[in-house]
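As structure tokens, the structure follows; a few thoughts come after it.
The values are calculated or read from the model by the stated rules, or taken from the named source; none is laboratory data. Please read these numbers as outputs of a predicted model, since none were measured by experiment. Backbone-built Cβ (ideal geometry, glycine too); neighbour counts: all protein chains shown. Ligands, DNA and RNA are excluded from the accessible area calculation, which covers all protein heavy atoms including side chains. Shrake-Rupley method; radii C 1.70, N 1.55, O 1.52, S 1.80 Å.
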Amino acid sequence: MDKEKISSLILAELEKNPDISNKELANSFSVDVNLIENILKSLSDTREKILLVDDEVDALAALKVALEADGYNVVEALDGLEALSMARSENPDVILLDIMMPDMDGFEVCKQLKSDAQLNMIPVIMLTAKGEVDDKVEGLEMGADDYVTKPFNLKELKARIKSVIRRNLL
Amino acid sequence: MWDKQNKWNLVILAVIVILIVGSIFFLWMKANVEVRDIVEEQYLSEQLVLTQYLSSSIEDMLNENVLLLEVISKKESGVPEDNFISDFKTIYEISDIYHALEFVDKNGTVVSGYPAERVPYGYNLYENNRSYSIDYVRDTGQIYISEPTMMMEEMLGFFVFVPVFENGVYQGSVVGIVVADNVVDQFEVSDDSIKLAYVIDDDGLILYDQSGFYEKGSSYFEYVGDSESSRLEIIDRQISGLEGNGKYPNTLSEEHVKNMLISYSSIDWYNHQWSVALVSPEDEVDKIIVSVYIKLFTVAALSVLFILFVSFQVYFMLMHWNRSLEKEVEKKTHELQNSNESLVAANLKLKELDRLKTEFVSMVSHELKTPLTAMKTSSEFLREDTCDPAVRAQMLDIIIRSVDRQTRMVDDLLDISRIESNKMRYNMADISLQETVDHCLEDISALFGSKGIDIDLDIPDDLSLVYADRDRLIQVFVNLLGNAIKFTQEGGNVSISASEKGEFVEVRIKDNGPGMDEAQLEMIFDKFYQIDSTLTRKVGGSGLGLAITKGIIEGHGGSITVESTLGEGSEFILLLKRSITEK
């Protein structure tokens, strides 16, 4: 069953019966109790959510740990298609997008994000190992909000994430 | 096809050609007429000279012959005893023109003569009323020549009377009978018998005729009509003792009227005045001109033929030369084209290499920066935070993995650089293939174990040792098997088999992965090539693995090829040198 659908069903059930336990919820929707716990946990999470898109597992893991330690809620995607579907389901506050990825590269993902009415408000920061000016121009023309060159300084990246989120709130 | 412009051009061209041909023809005709006039004039003057020669010769001969008679008649002794018979005999024998010689005494009777059979002895001139001549010579003492007389032998003759005086007293006359035919026959009038001669006296009487048209002794005027003014004029001039040339139409020729060219000259012989004429048809001149023209045309034709021949020789020589030049140019052009094509191909190849290199550099940059990013992020995080030991261990693992990955990348780059610059050193030895493969499988057991891939090993126990660098061979197998495992789905199958092929050992590594199409097969051993484009790699890797593998195998003196069917899998076939020392 769709995670979003379950989320809305759980919320409706909780409104009717505020004292219902996780187990009872799991039984009523016939799903695993852990899933209910996860959903509840994410629903109650008020941290700003970052969608991290990169095909390199190690880079992804290191950055995730670093950003989580800074108080962000980090969700990951390993390729472009996954990134697009997660952008829809997770509704992140910012997307960190690697350019070099298999199947669909970062430019294409950015283009699709910006042409989607539901998603084009989400700020996008492009991450790339390439440092050429051409890439920067291409990235910005696709509608990327900022640009960070690998290997980046962690502090600088955090500052840029903050600035992009703040700018988006205005 | 013919437009108006062309039509007009054609008409103008035709008019010009007609004008040129017309004027050439006109000039040619004019020149022809002039040439004819000149030749005719020359011909006539030559004929006149001949006529003059003839007339003077005849005149001289006649006078000389008369002189002979004069000589014997002027003897001191008067009339000799034999009445001149011995003298007559002598004269008759040396002269050709006398028919007979006679002596007529003062009474007018023929008393002697020679030859005797032609002498009418006793014939008295007085009795026969023919005394005018002897009376004349007796009275005047002058030589007298009678009018032409037809004699009994059908010959036209003249009687030459020379008086004989003794002490101033007339003793008689010596008479010479001259036959007209004999006179002119003495001369070869013309060698070609085209020029015909006739002689008339001052009354127009025909004395001699070579043509046979005119009867001897008849008057020339009988043969000339009143309308033939030009001919009459010529005869008038002849009778008047003039000399010159003339032209008249020949009415006697029945076939067609042709002009005759005539030259005439006078003969003065005592009381006679004759005129000798040479006549030739006008077409003699044409014949001369034609013969000249024929010679000219022959020379011209031969010249033209010679010029044509030489021209053709030159033309063919030039053609040949031209053709050989063309061939040469064609050859050079072909060579240039070939070299141009190879340059273009080389240029394309260079461009492609350049593109691959740029791609490679960009990819290497990505590959080197990616682990750096992970390391940097992890290490910066570790420095900032006091985190729990589990997270710390995770971060340190990331750092170590990244360092390993970068080390591999740098190793690969060094290998490819060594292979390219031929600086790869191989530690060659006889090694067992079985052992090497086993070692290699141990190294990568984690990889295929995690994907649940079966490895089928088929290496005969008695297989020859191979002559190779053990570590490099392990590197090759790790690479090939790694690829096979990478591209094979979970639960797939990879097989390794080996057999001897002549002086080589053949090793086949087969997977049942996705396979490759022909375009991919062509390029997989190229450095920097990856099946998927740089931006969309699925499997990762430097793109150098197969290039390094090929470099190492070829560095060993072996070879590597690949066979593949899309959707069914790929098979790499290695040929490695067998050990030379041992079977």
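If you roll a 1.4 Å probe over the heavy atoms of the protein chains, what accessible area per residue do you get for chain B, in Å²?
With all protein chains present, chain B gives 57 Å² per residue.
At a threshold of 8 angstrom on Cα-Cα distance, excluding pairs fewer than six apart, so keeping six or more, what relative contact order does the stretch B:74-182 reach in percent?
For the stretch B:74-182, the relative contact order is 28 percent.
Is the stretch A:49-169 rounded, prolate or oblate when judged by the Cα gyration tensor, a ≥ b ≥ c being the square roots of its eigenvalues, rounded requiring a/c under 1.5 and prolate requiring a/b larger than b/c?
It comes out rounded by the Cα gyration axes.
For chain B, which whole-number percentage of the solvent-accessible area (1.4 Å probe, protein heavy atoms only) is attributable to carbon and sulfur atoms?
56 percent
Assign one of three labels to the stretch B:405-508, namely rounded, prolate or oblate, based on the Cα gyration tensor with a ≥ b ≥ c the square roots of its eigenvalues; rounded applies when a/c is under 1.5, prolate when it is not and a/b is larger than b/c, and oblate otherwise.
It comes out oblate by the Cα gyration axes.
Short version: which residues of the stretch B:355-374 lose at least 50 Å² of accessible area, all chains versus chain alone, 1.4 Å probe?
Residues losing area: B:H366, B:K369, B:T373.
Given a cut-off of under 8 Å on Cα pairs at least six residues apart, what relative contact order in percent is computed for the stretch B:261-339?
Rounded, it is 16 percent for the stretch B:261-339.
What residues in the stretch A:35-77 lose 50 Å² or more of accessible surface when the other protein chains are added to their chain alone (1.4 Å probe)?
Those are A:E56, A:D58, A:A62, A:V65, which lose 50 Å² or more relative to the chain on its own.
Run the numbers on the stretch A:35-100 and let me know its relative contact order in percent, using alpha-carbon pairs under 8 Å that are six or more apart.
43 percent.
Can you give me the long-range amide H partners of B:L205? Hydrogens built in the peptide plane at 1.01 Å from N, cutoff under 5 Å, separation of 5 or more residues or another chain.
The list, which skips near neighbours in sequence, is B:Y220.
With a cap of 16 neighbouring Cβ atoms within 10 Å, and only residues DSSP puts in a loop, list the trypsin sites (Lys or Arg not before Pro) found in the stretch A:35-107.
A:R47
Going down the list B:K331/B:K351; B:K423/B:K501; A:K64/B:K351; A:K41/B:K486; B:K75/B:K216, which pairs span over 32 Å between their C-alpha atoms?
Distance filter (> 32 Å) returns A:K64/B:K351; A:K41/B:K486; B:K75/B:K216.
Which one of A:I50, A:I125, A:I20 has the biggest mean-square fluctuation once chain A is modelled by GNM with Cα springs under 10 Å?
Comparing A:I50, A:I125, A:I20 in the GNM, the peak value goes to A:I20.
Less than 12 Å Cβ to Cβ from B:R138, Lys/Arg counted +1 and Asp/Glu -1: what total charge do the surrounding residues give?
So the environment of B:R138 carries a net charge of -2.
Using protein heavy atoms only (no ligands, DNA or RNA), what is the total accessible area buried between A and B, 1.4 Å probe, nearest 100 Å²?
Chains A and B together bury approximately 2400 Å².
Note down the net charge around B:K74, summing +1 for each Lys or Arg and -1 for each Asp or Glu among other residues with Cβ under 14 Å from its Cβ.
Neighbour charge sum, excluding B:K74 itself: -3.
So what does B:D60 come to for accessible area, using a 1.4 Å probe and Å² rounded to 10?
Solvent-accessible area, nearest 10 Å²: 80 Å².
Gap in Å between the Cα centre of the stretch A:1-45 and the Cα centre of the stretch B:17-39?
The distance from the Cα centre of the stretch B:17-39 to that of the stretch A:1-45 comes to 132 Å.
Could you list which residues have their amide H under 5 Å from that of A:Y147, counting only those 5 or more apart in sequence or on another chain, with H placed in the peptide plane?
Amide H neighbours of A:Y147, under 5 Å, 5+ apart: A:M126.
With every protein chain left in place, what is the accessible area per residue of the stretch A:30-170 in square angstrom, probe 1.4 Å?
The answer is 45 Å² per residue.
Where Lys and Arg each count +1 and Asp and Glu each count -1, what net charge lies around B:V224 among other residues with Cβ under 13 Å from its Cβ?
So the environment of B:V224 carries a net charge of -4.
Quick check: pseudo-label points 7 Å beyond the Cα along Cα→Cβ at A:F29 and B:R355, how many nm apart are they?
5.2 nm
When we measure straight from the Cα of B:K30, which lysines land under 27 angstrom away, once same-chain ones fewer than 8 places off are left out?
Cross-link targets: B:K247, B:K258, B:K287, B:K295.
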